[in-house]
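Here is the structure we will look at.
The values are calculated or read from the model by the stated rules, or taken from the named source; none is laboratory data. Just so it is clear, the model here is predicted, and its values are computed rather than measured. Reconstructed Cβ throughout: ideal geometry from the backbone, glycine too, with neighbour counts over all protein chains shown.
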């Protein structure tokens with residue numbers, strides 16, 4: 001993080017020496033004891049599987065293996081649900097599924113994210129569709145892995161949601177022949193387009209598709225990037241399922257449904273800033289375990305998670321390495337060396353690349369996600385730190401902290417194409433999918449500054465009253481909010497991205513650094529250099545503190561898996577060795 005004379009960095013990561021024995025170590029003071037690691041077991045069979053009980057590590061990290069319990073069908077209460085299709089009969093249907101049309105079958109599929117089965121559609125009809133759960137889902141997220149395999153007319157994969165019956169529902173559809181992701185309404189058997197977006201959809205590869213529906217607001221994500229959104233109030237709740245088109249042969253795996261609580265909208269008028277709050281207890285008791293990391297007990301920084309593969313990339317700043325941790329098997333799978341004083345790390349699944357800021361050499365390293373090797377190095381400005389990616393221009397924006405600039409890098413050629421002067425030290429940079437802007441926290445001016453990726457020109461500047469040296473930054477594009485961590489006065493500002501108004505001010509731990517957000521649960525996590533972790537419910541303004549307390553020494557970096565809701569905090573020195581602390585709270 002900025003201002004540190006020993007080793008600086010901006011967001012996540014921690015490194016360590018000690019072999020990867022995957023043994024749990026002593027928990028942090030004041031937290032529940034680390035549980036014994038249970039035999040890894042993948043959650044989900046062919047139908048909905050209840051969340052694992054609190055206190056079990058199986059609740060945190062889904063790994064290979066098959067459940068022993070028979071599959072069960074979601075009840076009428078519309079609980080969160082997961083389908084992996086691995087205990088369903090081959091050649092048959094998932095238990096509880098209802099076919100509207102098409103030829104749907106559970107079959108083995110090479111490379112399935114949840115080995116070995118997937119649900120595949122192989123028929124040729126107008127709109128093949130089926131439901132997995134019949135009713136009751138209102139505000140929700142539905143995610144799935146999908147692989148378009150073949151099709152002359154179409155190679156489509158879709159999520160069916162808020163289904164009333166076979167003729168009335170919404171669809172989020174990705175198409176590999178058209179390279180688009182669209183939202184449709186199917187009403188009285190007739191399909192109509194209600195939102196469209198452009199994005200590269202790969203044929204023959206596993207990708208992720210996710211829809212978030214809150215009230216009339218519908219949003220579609222491809223590989224965790226917001227691509228399309230629409231507003232429509234025709235259907236308020238209903239069933240969920242899968243959908244394709246025409247002759248598409250498409251397979252699906254790891255279907256997950258999460259229920260969203262009410263109140264995600266930003267209110268029209270900001271309240272007065274709230275005073276500091278006393279520490280509050282965790283909302284529920286988490287499960288906690290520590291996994292040994294390689295390397296020495298030196299500083300970590302940013303992290304970046306690829307949800308479709310489960311790979312977590314951790315910047316081990318002090319060791320000049322990027323550690324690759326498989327969250328599904330709870331094992332370190334690689335250590336990428338020679339990235340000098342690495343601070344920022346950002347995975348871009350759509351490109352198959354991981355980008356890391358090598359602060360020691362003023363470069364950005366380009367890492368191939370398959371080989372896990374550095375394939376290019378690109379010059380940056382002085383002290384490169386945070387990273388952001390614009391999917392429209394396919395460019396990476398690098399915060400040059402002491403240089404007071406943003407370096408713009410073309411990912412097609414791995415070359416620097418522009419340098420944007422910011423007028424002050426650059427804190428973190430984040431992409432805003434709602435306005436197609438790169439936002440930068442300019443910490444020595446206490447401003448939030450927007451860059452237009454199409455022109456690389458600075459546009460809007462918002463002052464941040466009440467913030468001393470705003471460094472950490474997180475953008476919640478659907479809610480039109482920016483969260484800014486003020487490292488010199490231990491405050492978190494909530495800023496309206498459309499007006500620049502400060503909606504709320506909250507007290508956090510001293511020297512706050514990295515922020516992480518779980519959109520399905522509406523939880524914001526703020527990790528501080530002081531070791532204090534603060535958790536907020538973002539469903540209302542002012543934010544509602546759920547937890548604030550001493551978590552672990554040096555726990556300034558946090559990442560969250562939006563599917564499993566698991567937290568990852570690399571700790572440089574826990575009992576004389578570096579560890580990755582893994583924390584999972586039960587459903588709120």
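Of the numbered criteria (1) surrounded by 18 or more Cβ atoms within 10 Å (Cβ to Cβ); (2) in contact (Cβ under 8 Å) with a residue 60 or more places away in the chain; (3) more than 30 Å from residue 393 (Cβ to Cβ), the one residue 159 fails is (3). Scanning the stretch 108-129 for residues that are surrounded by fewer than 21 Cβ atoms within 10 Å (Cβ to Cβ), in a strand (DSSP E or B) and touching a residue at least 24 places away in the same chain (Cβ under 8 Å) returns a single hit, 125. In summary, residue 514 fulfils each of the numbered conditions (1) within 17 Å of residue 441 (Cβ to Cβ); (2) not in a strand (DSSP E or B) with the single exception of condition (2). The residues on offer are 483, 462, and the sole one that is farther than 26 Å from residue 549 by Cα, at pLDDT 95 or above and either in contact with a strand residue (DSSP E or B) (Cβ under 9 Å, 6 or more places away or on another chain) or not assigned by TED's automatic domain parsing to the domain that holds residue 547 (or both) is 462. Consider residue 359 carefully, then state whether it is surrounded by fewer than 24 Cβ atoms within 10 Å (Cβ to Cβ) and more than 23 Å from residue 459 (Cα to Cα). Answer is no for this residue. Buried (at least 24 other Cβ atoms within 10 Å of the Cβ) and over 21 Å from residue 299 (Cβ atoms): does that describe residue 393? No: the conditions fail for residue 393. Can you find even one residue in the stretch 166-187 that is within 25 Å of residue 152 (Cβ to Cβ), within 20 Å of the chain's Cα centre (by Cα) and in a loop (DSSP other than H, G, I, E, B)? The answer is no; no qualifying residue exists. Out of everything in the stretch 565-577 that is over 17 Å from residue 306 (Cβ atoms) and out of contact with any helix residue (DSSP H, G or I) (no Cβ under 9 Å at 6 or more places or on another chain), what residue ends up being surrounded by the most Cβ atoms within 10 Å (Cβ to Cβ)? Within the stretch 565-577, the match that is surrounded by the most Cβ atoms within 10 Å (Cβ to Cβ) is 569. For the condition assigned by TED's automatic domain parsing to the domain that holds residue 235, under 19 Å from residue 219 (Cα atoms) and either surrounded by fewer than 19 Cβ atoms within 10 Å (Cβ to Cβ) or modelled with pLDDT of 90 or more (or both), residue 91 does not qualify.
Tally up the residues in the stretch 224-269 that are outside any strand (DSSP E or B) and modelled with pLDDT of 90 or more, please. Total meeting the criteria: 7.
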